[in-house]
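This report refers to the structure that appears directly beneath it.
The values are calculated or read from the model by the stated rules, or taken from the named source; none is laboratory data. Quick caveat, the model's predicted, so the values are computed rather than measured. Cβ: placed from backbone, ideal geometry, glycine included. Neighbour counts: every protein chain shown. For accessibility, only protein heavy atoms count, side chains too; no ligands or nucleic acids. Shrake-Rupley method; radii C 1.70, N 1.55, O 1.52, S 1.80 Å.
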Amino acid sequence: MMLRLFRLIWTFIRLSALNELQYRANFFMQFFSSLLILANGLIGLALVFYHTESLAGWEPMELLVVVGVYTIIGGLIRAIIQPNMWRILEGVHQGTLDFTLTKPEDSQLLVSMANFELWKLVDLIIGLGVLGYAVVKLGARVGLAEALIFALVLLCGGLMVYSLWLAIATTSFWVVRIWSLFEFFDAMYQAGRWPVGIYPSWLRMILTFLVPVAFAVTAPAEALTARLNTQTLFLAIFVAALTLVASRMFWKYGLKNYTGASA
Amino acid sequence: MKRTLKILIAETKISMMASFQYRVQEGMALLGLLVEALIYLVVWTTIARAKGGTVGGYTEGEFAGYFIAWTFVRHMTTGWSPWWMEMRIRRGEFNTLLLRPIHPYFVDMGRMMGMKTIAMMTLIPTIFILTLIFKPEFALIPWSLAALLPALVLAFMMRYTLMYALAVTAFWTTRVTALFELWFAVEFFTSGRVAPLSVLPEWALNIANILPFQWMFAFPLELLLGRLSPQEALYGFLMQGLWLTGTAIVVRVVWRSAVKQYAAVGG
């Protein structure tokens, strides 16, 4: 069962990759624009640290960790989550979702894994590079335990973001024009460039529970810089599990009520 | 001239109606802008507080004033996105525009003016709320406020014309996006967008002073906040005029040869 799933996902990845390898020039375009975005982030940091030694208790290399995680998660969203979720909306709108639903595999898996935008993974590589540099600079302060907790929290954050997007996409069964909510997410996500602790409390609440930037970006960065308390760790695991289950149930419920556009 | 103006007004009206229909999308664009301003505001007030009050001549309250006014000026001076131009050329939608007896420059301008007017209905109440939350400090100086309107119009025209000059290159290569991204990256810190110019270190300020971007953003913004002396304001208008004339000439010249070599896609 598990093996077959992996084979299926691998096939999808290969197909998407083959498709995108036709447009190799796009890779350089993507690389160029990702580098520019990174440069902007770094200039922002440089400006801040031109005036002060630490921002709300975060030192330069620690904020670089935040930038790294922000870039990684952003890359994953744009490469995997976004293209698939947009495809659901398009599918409901144009009736092509029906083809997916008739296939003999789990529908949620099919709609979540069928499209990868390979070149967008450039952000993942750049983010990892930034993160690696910052970790080396932080040196002995990052141990194996921190790294493991970091990976765990990052996974939880990623799952939360995925669940949220899936829930938004599922509402398209009832309300077709829902893409504004995706744009809302994009608009809010940029706040993740900085640790959410610097924001006023009302904004922090939005960034924790409405758009889980706090869990997806700040918490992993906290884990790596030995700031994360066990309470937040368990909360992250709990919320991730909860949103994952809830979004799956919502998807199933939506499907039951979905009548299809082409039939 | 009169005919052009009439068409400009007609396009403005059409786009006002269209953006009223799509007000949710417009609202989201506005939200992106607000969140961006809010982020800078929080970062800079945090630093000002840590430094005991001021950074680069701005107090906490003045930063609040700067970034609240920022949303207004940014909204008024942004042009269309380059992706839109590239898409229109790729899909062949530009062909119809070229056939019309009016320069697309004015058609697009009318559309943008319409969108901006509609979005103002959301922006102004939002600015009011932000003012209540963040308690900005600024000086309302009558002559400075009177100068704001022409400065804003010139800033918009400058940015729009400069973008047009760049977008025209899309006739040769259908990949203008890279050029625009480079532009946005430089503009980001030399226009007063990420921070007031007085906060920049020496080297960044030197770059900013030879580039046009501060005249399209920081200049009207500082006028609004009453931070400029009359001499500085005059110098700003002079720079705006020079840059605008220069780029307008470039657009005119490049446009002719661009259209000549334009090969319609699709159709």
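Points worth noting:
- Cα-based helix-to-principal-axis angle, A:60-76 vs chain A, degrees rounded to 10: 10
- In this assembly, the A-B interface accounts for approximately 2800 Å² of buried accessible surface in total, computed with a 1.4 Å probe and without ligands, DNA or RNA.
- Inter-probe distance in nm under a simple model that places probes 7 Å from Cα toward Cβ, at B:L182 and A:T96: 3.5
- When the helices of the protein assembly as shown are scored as -39500 (n - 2.57) per DSSP H run of n ≥ 4 and the total is divided over every residue, the value at 222 nm lands at -24500 deg cm²/dmol.
- Charged-residue dipole, Cβ positions (Lys, Arg, Asp, Glu), the range A:184-263 about Cα centre, Debye nearest 20: 180
- Summary of the geometry: the range B:104-128 and the range A:35-62, compared by the centres of their Cα atoms, lie 34 Å apart.
- Overall size of chain A from C-alpha positions, given as principal axis extents largest first: 63, 42, 36 Å.
- When every Cα-Cα distance of the protein assembly as shown is counted in 10 angstrom steps from zero, the calculated P(r) takes the values 3, 16, 26, 27, 19, 8, 1, 0 percent.
- Given charges at beta-carbon only (K, R positive; D, E negative), |dipole| of chain A in Debye: 480
- Potential lengthening of the chain between B:R90 and B:I14 amounts to 25.0 nm, from the contour at 0.36 nm per residue minus the alpha-carbon distance.
- Whole-number percent relative contact order across the range B:126-221, with pairs defined as alpha carbons under 8 Å at least 6 apart: 30
- Dipole axis of the protein assembly as shown (+1 Lys, Arg; -1 Asp, Glu on Cβ), positive-most option in B:Y164, A:G158, B:L148: B:Y164
- For the residues A:T52, A:T96, A:T232, a GNM of chain A with alpha-carbon springs under 10 Å puts the largest fluctuation on A:T52.
- Using alpha-carbon coordinates, inclination of helix A:144-171 to the longest axis of chain A, degrees: 40
- Backbone HN-Hα couplings from phi across the range A:123-136 [Karplus 6.51/-1.76/1.60, Hz, Gly and Pro as x]: 4, 4, 5, 4, x, 5, x, 4, 4, x, 4, 4, 5, 4
- Here, P(r) means the percent of Cα pairs in each 5 Å bin from 0 to the largest distance; for the range B:2-261 it is 1, 6, 11, 16, 19, 17, 13, 9, 5, 3, 1, 0, 0.
- Solvent-accessible area per residue for the protein assembly as shown (1.4 angstrom probe, square angstrom): 48
- Contact residues in the range B:26-57 (at least 30 Å² less accessible area with all protein chains than alone, 1.4 Å probe): B:M28, B:L31, B:V35, B:L38, B:I39, B:V42, B:V43, B:W44, B:T46, B:I47, B:K51.
- On full extension, the segment bounded by B:T126 and B:F106 gains 4.2 nm, given 0.36 nm per residue less the C-alpha separation.
- When the charge dipole of the range A:28-257 is built from unit charges on Cβ atoms (+1 for Lys and Arg, -1 for Asp and Glu) and taken about the Cα centre, the candidate among A:F209, A:V65, A:Y253 whose Cα reaches farthest toward its positive end is A:Y253.
- The label point for B:A258 and the one for B:L242, both projected 7 Å from the Cα toward the Cβ, are 2.5 nm apart.
- Equivalent ellipsoid semi-axes, the range A:1-47, via Cα gyration tensor eigenvalues times 5, rooted, Å: 35, 17, 4
- At least 15 Å along the helix axis (C-alpha) and Kyte average at least 0.0, DSSP helices within chain B: B:2-21, B:23-50, B:60-77, B:104-134, B:142-167, B:177-190, B:230-261
- Dipole magnitude of the protein assembly as shown, debye to nearest 20 (Cβ charges: Lys/Arg +1, Asp/Glu -1, about Cα centre): 1360
- Figure note: A:R87, A:R193 ranked by solvent-accessible area, largest first, 1.4 Å probe, ligands and nucleic acids not counted: A:R87, A:R193.
- Solvent-accessible area, 1.4 Å probe, carbon plus sulfur percent, for the range A:28-257: 70
- Farthest toward positive dipole pole in chain B [+1 Lys/Arg, -1 Asp/Glu at C-beta], among B:F219, B:L244, B:L30: B:L244
- Percent carbon-and-sulfur accessible area, the range B:2-261, ignoring ligands, DNA and RNA, probe 1.4 Å: 70
- Pairs spanning more than 27 Å between alpha-carbon atoms, out of A:K103/A:K256; A:K120/A:K256; B:K51/B:K135; B:K6/B:K116; A:K120/B:K260: A:K120/A:K256; A:K120/B:K260.
- Difference of contour (0.36 nm per residue) and Cα-Cα distance, A:M2 to A:L255: 88.7 nm
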